[in-house]
1. Can you name every residue in the stretch 6-26 that is surrounded by 17 or more Cβ atoms within 10 Å (Cβ to Cβ) and assigned to a loop (DSSP other than H, G, I, E, B)?
2. Could you grab me the full set of residues in the stretch 121-163 that are touching a strand residue (DSSP E or B) at 6+ places or on another chain (Cβ under 8 Å), farther than 23 Å from Asn289 by Cβ and either of a type in the set (Gly, Ala, Ser) or open to solvent by less than 50 Å² (accessible area, probe 1.4 Å) (or both)?
3. Starting from the stretch 228-256, take each residue that is on the phi < 0 side of the Ramachandran plot and list its partners that are open to solvent by 80 Å² or more (accessible area, probe 1.4 Å), counting only C-beta distances under 6 angstrom and pairs at least six apart or across chains.
4. Would you say Cys29 is crowded, with 17+ Cβ neighbours inside 10 Å, within 26 Å of His250 (Cα to Cα) and either in contact (Cβ under 8 Å) with a residue 24 or more places away in the chain or among the hydrophobic types (A, V, I, L, M, F, W, C) (or both)?
5. Starting from residues that are assigned to a strand (DSSP E or B) and open to solvent by 10 Å² or more (accessible area, probe 1.4 Å), keep the ones in the stretch 32-71 and report whichever is farthest from Lys190 (Cα to Cα).
6. If the requirement is being of a type in the set (Lys, Arg), within 25 Å of Gly72 (Cα to Cα) and not in a loop (DSSP other than H, G, I, E, B), which of these qualifies: Lys251, Lys230, Lys309, Lys262?
7. Would you point out the residue of the stretch 310-334, among those that are under 24 Å from the mean Cα position of the chain (by Cα) and free of Cβ contacts under 8 Å to residues at least 12 places away in the same chain, that is surrounded by the fewest Cβ atoms within 10 Å (Cβ to Cβ)?
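The values are calculated or read from the model by the stated rules, or taken from the named source; none is laboratory data. The structure presented is a predicted model; accordingly, all values stated were derived computationally and were not measured. For neighbour counting, all protein chains shown are included, and Cβ atoms are generated from backbone atoms with ideal geometry for every residue, glycine included. What goes into the accessible areas is simple: the full protein's heavy atoms, side chains included, and nothing from ligands, DNA or RNA. Shrake-Rupley method; radii C 1.70, N 1.55, O 1.52, S 1.80 Å.
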Amino acid sequence: MRVLNNQTCVRCINDKTVRHISFDSEGVCNFCREYEKYAGKLHDYEALEKNFLNRISNRAGHRYDAAVGFSGGKDSAFVLYQLVKVYGLKVKAFTLDNGFMSPEAKDKIRSMVSKLGVEHEFVALDQTLVKEMYRQIAGKFLSPCMCCAFIGYAVMINYASKVDAAVMIHGRSPYQMLRNFSNLDNDYFKPFVTEGLEEVAQDPAELLQVILSKIDMFVDKNLAASIREKFLGDCFEKGFRPFVAYFLYHKYDKAEILEFLKQNMGWVAESEEEHFDCLIHHGALYIKNIIARRSHLMPELSVMIREGKISREQALEMALESEQIDEGVAREELEKFGKFAGLNAKWMLTKAKIYGKRWW
């Protein structure tokens with residue numbers, strides 16, 4: 001799977017297999033260079049706290065102070081706790097039940113919302129529409145995660161308007177938010193980062209509709225129209241709400257988060273600390289690794305290097321470890337996904353290998 005003799009950034013571990021990468025005369029990649037430009041603001045936590053408070057200050061007249069996407073994982077659990085116990089917000093938590101949620105995740109969700117006294121809803125969607133979205137998006141891009149992210153963002157954007165929450169707050173880690181952060185315009189999440197670093201918030205309608213305008217890139221026009229009607233009706237009718245990334249404004253330390261949750265909420269992962277909530281995670285990671293021809297996590301690990309969390313040597317070891325996936329388990333999970341989405345798992349894997357040869 002791994003590509004050999006590739007040019008690699010002298011600072012991070014991104015190499016030529018990363019899409020849209022380029023290197024300057026010093027051997028530094030464009031992702032590291034763009035991060036450099038914003039590093040000061042990304043770590044000025046005094047200014048960031050003011051920005052966060054500004055984002056959550058206009059709460060009067062709304063039923064809830066914030067709507068919070070809650071997967072049951074460590075990051076969203078920590079965010080939910082902080083918003084309720086530290087910031088004192090009236091929160092409506094919700095979970096998108098896409099059909100692939102693990103029993104462990106559901107148990108943790110029920111336990112957490114009960115302990116925190118938070119209103120919560122499992123959001124179930126029109127299954128016919130969801131299956132068609134999975135079929136079209138995974139049929140084109142092969143990644144189940146891309147489908148889930150697309151559906152998840154649509155639901156999040158709409159949900160705050162639906163329940164009349166002042167803002168939508170999510171718990172993506174800095175490594176997820178900054179994995180594609182570059183000098184190019186191909187990163188759909190970059191506008192949320194750069195907007196969040198400014199003291200004055202941008203009009204959420206202007207920001208979010210730019211993202212939603214990309215729907216036609218993923219699915220055909222008929223399905224795009226159905227998505228807008230069934231998934232996004234509330235935000236278009238009632239107005240868009242600010243989309244706030246908690247960990248853009250607050251320090252992120254995985255070990256500290258895990259220890260905090262264990263001590264304060266009794267939250268302990270029974271199996272894996274990452275993505276235990278997803279029943280097809282190993283299959284999704286397996287196919288993404290095939291397409292990328294190396295660890296799909298390479299860009300996230302490179303962000304961790306830039307953030308000073310790990311060394312290049314540690315990142316390389318972690319990348320190799322993430323490639324060690326039980327092929328039998330992965331294929332079984334892909335079969336499960338394929339049956340749900342109306343796709344042939346063997347065809348997906350064959351196409352992934354072809355994509356891998358042409359990826360870069």
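1. If the condition is that a residue be surrounded by 17 or more Cβ atoms within 10 Å (Cβ to Cβ) and assigned to a loop (DSSP other than H, G, I, E, B), then Cys9, Arg11, Cys12, Ile13, Asn14, Lys16, Thr17, Val18, Ile21 are the ones that fit.
2. Matches in the stretch 121-163: Val123, Leu125, Val155, Met156, Ile157, Tyr159, Ala160, Val163.
3. Asp234/Lys162
4. Against the criterion (crowded, with 17+ Cβ neighbours inside 10 Å, within 26 Å of His250 (Cα to Cα) and either in contact (Cβ under 8 Å) with a residue 24 or more places away in the chain or among the hydrophobic types (A, V, I, L, M, F, W, C) (or both)), Cys29 does not qualify.
5. Taking the candidates together, the pick is Asp65.
6. When all the criteria are applied, what remains is Lys262.
7. By that ranking, first place goes to Gln324.
Conditions (1) modelled with pLDDT of 95 or more; (2) of a type outside the set (S, T, N, Q); (3) buried (at least 22 other Cβ atoms within 10 Å of the Cβ); (4) within 21 Å of Ile280 (Cβ to Cβ), marked per residue:
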{"site": "Gln82", "(1), (2), (3), (4)": "yes, no, no, no"}
{"site": "Tyr87", "(1), (2), (3), (4)": "yes, yes, no, no"}
{"site": "Ala93", "(1), (2), (3), (4)": "yes, yes, yes, no"}
{"site": "Met101", "(1), (2), (3), (4)": "no, yes, no, yes"}
